[in-house]
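Working notes, beginning with the structure itself.
The values are calculated or read from the model by the stated rules, or taken from the named source; none is laboratory data. Quantities reported herein were computed from a predicted structural model and do not represent experimental measurements. All Cβ positions, even for glycine, are placed from backbone atoms using ideal geometry, and neighbour counts span all protein chains on display.
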Amino acid sequence: MRDWRVGYHRQTAYGRGALGGGYLDWSARPAVYKDYRGLSTVALPEDIRGFHRPFFEVLFGTPGLEAPAQELSTEKLGRILGLSYGITAQSGQGRDVFYYRSVPSAGALYPCELYAAVQGLSDLEDGLYHDDLARNRLVRLRAGRFLRSEKPWAAAFFVTALFFRSSWKYRDRAYRYCLLDAGHLVENALLVLRSEGLTARVFSRFDDDAVNAFLGLDSEREVCLAVLTIPHGETENQSEASSEGAEFFELGEAPHEPVQPEACRMSPSDKVPQMILDAHRRTAEGPPGASPGSRSTAAFRSQAEGRRSVPKPAGEAVSRSVAFAEAVWRRRSYRNYVSQPVSCAVWHTLWHSLSLHGVLCPPMEVLVACGDAEELPAGIYRWDATAGEMSLVKTGDVRSTSAHACLDQDWLRHALFHFAFGVRWPDVWESLGPRGYRAAMLDAGRLGQRVYLASTALGLGACGIGAFYDEEVRRVFHLDDDRDVVYVTASGPVKKLWK
């Protein structure tokens, strides 16, 4: 199907007055954690504070910084997993207890799981492990070396999604949220790895059946959505900025027996909507294509009228930033916004944060609806992070209109910035084929994670919005028929920050 707008994304669009009814079946509530039984385990260190590198030095990849040697150990692996997808706080008691994690999730349902295949570590047996974050340990699923010898990887991380955890509440639209959640986790893990002095690559293209079988999954319930790889320390680093989305991750060719596929069951009644399973199958493959990016970027930059350069971050907003691990630890979703401006240094830094190292699909179109800030009149702007330039789309404060289009969430109109991530589907199709849908949604989630973390480091609040009236939001941000907003993320001053 070449017309993306009548595929899964259009079929799951929300329309005013047409959201449908339904209720949550609490008897079918999915399990929060995946549980393997009777397998060997490895305890992970409790201390995951890591190196005290300033947040924006990690985010912007500031050159010339002294970084730890590129090597991996069990201690470092524990820090990476703990910061990437660990439990960061607890609220409530008993049956009402809630555990915050280092990444956000739609409805706090956390469909993602994290696995690691490691080889050549001096203090950890070669094999495939599941990150049992509830007990802060690794569960060994397979022993041996499985990563291809031609690629001298020290480790590969696999980001999966358990569909029912999200579809229990969001039904057919849940595949969107699984991909966005996975994108948040991917970007968080990439930044954590960089903070540890490790160069990582991210892949959204791989053989679904082979990888899911390797992970031992019941692929009617849980599937892999992304893979991150780390080379051995003695290997020459690959650039994070290369176009990984057009490359293919491969495993060894040995067949793999299932590993407790029943562990993928999250509920006695965990039937996944057929539309989600069909959408995932349809997006399984795509043409190799060229490196993603050139066409959209050229078209975007051709709109030269009214463009304005935005100075790169420097000075107080960057130099006084918190440590990277602290920003990850303190990140929360906020809705208690207050309508007040911020300084140039703050919004310059926040906007420049929206630059991915290694895109998976043709570059996102980033649009920003904002109120008045220092040297920034209210309006809608297109933001080109690569060029560090902005262009005015429409004058005036449209935040109330944007909030109205986002399911009438009134709190949103007080958020200073509404970042909308738009995708031009023909470019995605041309570069990556049907598989490009996954890549686009993953990149949108990755950008959302950068908004969250940069906002936290700047003393602002942030909140992702995946539920909105799709056509209304597209009109608010003046997108053509071949473009869609796939994710909105709010940021701005809040009444009170979590400590």
Handout entry: Boolean, Ser122 is over 30 Å from Leu447 (Cα atoms) and of a type in the set (S, T, N, Q)
Key = yes
Problem - Whichever residue in region 374-386 is in contact with a Ser or Thr (Cβ under 8 Å, 6 or more places away or on another chain) and surrounded by fewer than 19 Cβ atoms within 10 Å (Cβ to Cβ) and, among such residues, is modelled with the lowest pLDDT - result: Thr386
Exercise for the section: Enumerate the pairs (first residue in region 439-461 and more than 12 Å from Phe55 (Cα to Cα); second residue anywhere and among the polar types (S, T, N, Q)) with beta-carbon separation below 6 Å, excluding pairs fewer than 6 apart on the same chain, so at least 6 apart or on different chains. Expected result: Ala439/Ser204; Leu442/Ser204; Gly448/Thr489; Gln449/Asn188; Val451/Thr489; Val451/Ser491; Leu460/Ser491
Practice task
Hey, could you check region 329-347 for residues that are modelled with pLDDT of 95 or more and among the polar types (S, T, N, Q) and say which is farthest from Ala415 (Cα to Cα)?
Solution key: Ser333
Completion exercise
Restricting attention to region 239-280, the residues that are modelled with pLDDT under 95, of a type in the set (A, V, I, L, M, F, W, C) and more than 22 Å from the chain's Cα centre (by Cα) number exactly 3
Handout entry: Members of region 356-377 that are touching a helix residue (DSSP H, G or I) at 6+ places or on another chain (Cβ under 8 Å) and in a loop (DSSP other than H, G, I, E, B)
Key = Leu356, His357, Gly358, Val359, Leu360, Cys361, Pro362, Pro363, Met364, Gly371, Glu374, Glu375
Completion exercise
In region 120-137, anything modelled with pLDDT under 95, surrounded by 17 or more Cβ atoms within 10 Å (Cβ to Cβ) and within 15 Å of Arg101 (Cβ to Cβ) is listed as Leu133, Asn136
Fill in the blank from the handout: Taking region 327-342 and the residues there that are in contact with a strand residue (DSSP E or B) (Cβ under 6 Å, 6 or more places away or on another chain) and not in a loop (DSSP other than H, G, I, E, B), the one that is farthest from Val398 (Cα to Cα) would be Trp329
Handout entry: So Ala462, is it touching a helix residue (DSSP H, G or I) at 6+ places or on another chain (Cβ under 7 Å), under 24 Å from Lys394 (Cβ atoms), aliphatic (A, V, I, L, M) and not in a helix (DSSP H, G or I)
Key = yes
Exercise for the section: Identify the single condition in (1) crowded, with 24+ Cβ neighbours inside 10 Å; (2) of a type outside the set (Lys, Arg); (3) modelled with pLDDT under 95 that Leu416 does not satisfy, given that it satisfies every other one. Expected result: (3)
Fill in the blank from the handout: Exactly one of Asp410, Asp397, Asp427 is charged (D, E, K, R), touching a residue at least 24 places away in the same chain (Cβ under 8 Å) and closer than 20 Å to Pro493 by Cα, and that residue is Asp397
Problem - Neighbours by Cβ (under 7 Å, 6+ apart or cross-chain): first from region 91-111, in contact (Cβ under 8 Å) with a residue 12 or more places away in the chain; second of a type in the set (Asp, Glu) and outside any strand (DSSP E or B) - result: Ser105/Asp181; Ala106/Asp181; Pro111/Asp181
Exercise for the section: Taking Gly459 as meeting all but one of (1) in contact with a His (Cβ under 8 Å, 6 or more places away or on another chain); (2) at positive phi, write down the number of the exception. Expected result: (1)
Completion exercise
Scanning region 460-499 residue by residue, the ones that are closer than 23 Å to Asp181 by Cβ and of a type in the set (Asp, Glu) total 2
Practice task
Output the residues belonging to region 479-497 that are surrounded by 14 or more Cβ atoms within 10 Å (Cβ to Cβ), farther than 19 Å from Val428 by Cα and not polar (S, T, N, Q).
Solution key: Val488, Ala490, Gly492, Pro493, Val494, Leu497
Exercise for the section: Would you tally the residues in region 186-202 being more than 13 Å from the chain's Cα centre (by Cα) and under 27 Å from Gly286 (Cβ atoms)? Expected result: 4
Problem - Qualifying residue in region 146-155 (condition: surrounded by 15 or more Cβ atoms within 10 Å (Cβ to Cβ), touching an Asp or Glu at 6+ places or on another chain (Cβ under 6 Å) and of a type in the set (A, V, I, L, M)) - result: no
Handout entry: Answer from Arg450, Arg474, Arg413, Arg446 - the residue that is basic (Lys, Arg), farther than 30 Å from Glu285 by Cα and either assigned by TED's automatic domain parsing to the domain that holds Pro104 or outside any loop (DSSP other than H, G, I, E, B) (or both)
Key = Arg413
Problem - So Ala345, is it crowded, with 22+ Cβ neighbours inside 10 Å and not in a loop (DSSP other than H, G, I, E, B) - result: no
Completion exercise
Scanning region 289-305 residue by residue, those farther than 30 Å from Trp153 by Cα and either at pLDDT 95 or above or in a helix (DSSP H, G or I) (or both) turn out to be Arg295, Ser296, Thr297, Ala298, Ala299, Phe300, Arg301
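Listed here are the residues, each with its yes/no results for (1) crowded, with 17+ Cβ neighbours inside 10 Å; (2) at pLDDT below 90.
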position: Gly17; (1), (2): no, yes
position: Gly38; (1), (2): no, no
position: Phe56; (1), (2): yes, no
position: Ser73; (1), (2): no, yes
position: Phe98; (1), (2): no, yes
Handout entry: Single condition Phe157 does not satisfy, out of (1) under 21 Å from Arg332 (Cα atoms); (2) in a strand (DSSP E or B); (3) in contact with a helix residue (DSSP H, G or I) (Cβ under 7 Å, 6 or more places away or on another chain)
Key = (1)
Practice task
Residue by residue through region 246-288, note down the ones that are more than 18 Å from Thr160 (Cβ to Cβ), assigned to a helix (DSSP H, G or I) and among the small types (Gly, Ala, Ser).
Solution key: Ala246
Exercise for the section: Would you point out which residue out of Arg194, Arg142, Arg173, Arg165 is at negative phi and not in a helix (DSSP H, G or I)? Expected result: Arg142
